[in-house]
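To keep things clear, I will list the structure first and then write my remarks on it.
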Amino acid sequence: QVQLVESGGGLVQAGGSLRLSCTASGRYAMGWFRQAPGKEREYVAGISWSGGRTSYADSVKGRFTISRANAENTVALQMNSLKPEDSAVYYCAAAPGGPRLNLPSMREYKFWGQGTQVTVSS
């Protein structure tokens, strides 16, 4: 069973920064998703198993950066220039499938963390 543990959420003022971290029980292609109250869960960013490819939702491009430290099986999401509309529960997700270069498709994310709350005040 894949285990994912997130940390780093909190309350920040608009324009501020937060860094989320996710530690996995193994090495996987990873992604971050978020869900605001009354809204569907949406994709935020993803990083390939190798770390060589990343992708971002248009809403966060240029403000968020996903990275990974393979030796520690951790993935981070650095969030800068935060906006109130970024407020949501953020979930780390893992896509099993072994070593590969490409990013997983959305349906390949099979395992999820417990979520961490991010609140951005205006």
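The values are calculated or read from the model by the stated rules, or taken from the named source; none is laboratory data. A quick note: this is a predicted structure, and the numbers were derived from the prediction, not measured. No Cβ is skipped: glycine too gets one built from the backbone with ideal geometry, and neighbour counts run over all protein chains shown. The accessibility values were calculated without ligands, DNA or RNA, using every heavy atom of the protein model including side chains. Shrake-Rupley method; radii C 1.70, N 1.55, O 1.52, S 1.80 Å.
Tell me, what % of the accessible area of the chain is carbon and sulfur with a 1.4 angstrom probe?
In the chain, the share of accessible area belonging to carbon and sulfur is 48 percent.
Treating only the Cβ atoms of Lys and Arg (+1) and Asp and Glu (-1) as charged, compute the dipole magnitude of region 39-101 about its Cα centre; round to the nearest 20 debye.
160 debye
Give me the aspartates and glutamates in straight-line cross-link reach of LYS39: C-alpha distance below 20 Å, same-chain residues under 8 apart excluded.
ASP58, GLU85, ASP86
Take every Cα pair under 8 Å in the chain that's 6+ residues apart, average their separations, divide by the length, and report that relative contact order as a whole percent.
36 percent
Over the chain, average the accessible area per residue using a 1.4 Å probe and give it in Å², no decimals.
51 Å²
To the nearest 20 debye, what is the magnitude of the charge dipole of region 7-122 about its Cα centre, counting +1 on the Cβ of each Lys and Arg and -1 on the Cβ of each Asp and Glu?
220 debye
Kindly state, to the nearest 0.05, the FRET efficiency for GLN1 paired with GLU40, given R0 = 25 Å and r defined as their beta-carbon distance.
After rounding, the FRET efficiency stands at 0.45.
Once Lys and Arg get +1 and Asp and Glu get -1 on their Cβ, which of GLY98, ALA57, TRP32 lies farthest toward the positive end of the dipole of region 19-122?
In region 19-122, that residue is GLY98.
Given the chain, what percent of its DSSP beta bridges are antiparallel, to the nearest 5?
90 percent
Give me the one-decimal nm value for the distance between modelled label points at THR119 and ARG53, 7 Å along each residue's Cα-to-Cβ direction.
Distance between label points: 3.8 nm.
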